[in-house]
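Working notes for the structure below.
Any read-out appearing in this document is the output of simple, stated calculations on the displayed coordinates, not a laboratory observation. Since the structure is predicted, the reported quantities are computational estimates derived from the model, not experimental observations. Cβ: placed from backbone, ideal geometry, glycine included. Neighbour counts: every protein chain shown.
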Amino acid sequence: MANEVETRKLILVPALITLAVTLLRLTGELLHWSKTLFNPEAGGGGALVGITWLAPVFGAYFGFKLARAGLGPDADATN
């Protein structure tokens with residue numbers, strides 16, 4: 001059960017940030033804000049506000065958190 005609590009704690013902040021960015025993007029598209037920031041085309045059309053850029057940010061976040069918890073790759077492992 002402790003592992004489940006840690007998992008929830010680990011994903012809470014990224015989940016809330018993703019929700020906030022999604023709601024901001026939805027608002028921007030519906031109110032026809034700048035297409036540079038909120039392009040309504042399928043896939044975002046290169047818009048600056050979107051969840052795509054969150055993948056590398058959260059990848060680094062999860063990697064850091066897991067390594068700090070001792071769950072990173074084994075330095076002595078050989079292929």
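Spelling out what I want: for every residue of the range 44-57, take phi, set θ = phi - 60°, compute 6.51 cos²θ - 1.76 cosθ + 1.60 (Karplus), and round to whole Hz; glycine and proline get x.
x, x, x, 4, 6, 9, x, 8, 4, 6, 6, 4, x, 5
What percentages, rounded to whole numbers, describe P(r) for the chain computed over all alpha carbon pairs with 5 Å bin width beginning at zero?
3, 13, 18, 16, 13, 11, 9, 8, 5, 2, 1
Can you sort R25, R8 so the residue with the fewest Cβ neighbours within 10 Å comes first?
Fewest to most other Cβ atoms nearby, the residues stand as R8, R25.
Please turn the phi angles of the range 60-67 into ³J(HN,Hα) values with the Karplus equation 6.51 cos²θ - 1.76 cosθ + 1.60 (θ = phi - 60°), one per residue in order, whole Hz, x for glycine and proline.
Each residue of the range 60-67 in turn: 5, 4, 5, x, 4, 4, 5, 5 Hz.
I need K9, K65, K35 ordered by Cβ neighbour count within 10 Å, fewest first.
In increasing order of surrounding Cβ atoms, one gets K9, K35, K65.
Quick query: amide H of A47 versus all other amide H atoms, modeled in the peptide plane; which residues come in under 5 Å with a sequence gap of 5 or more or a different chain?
N39
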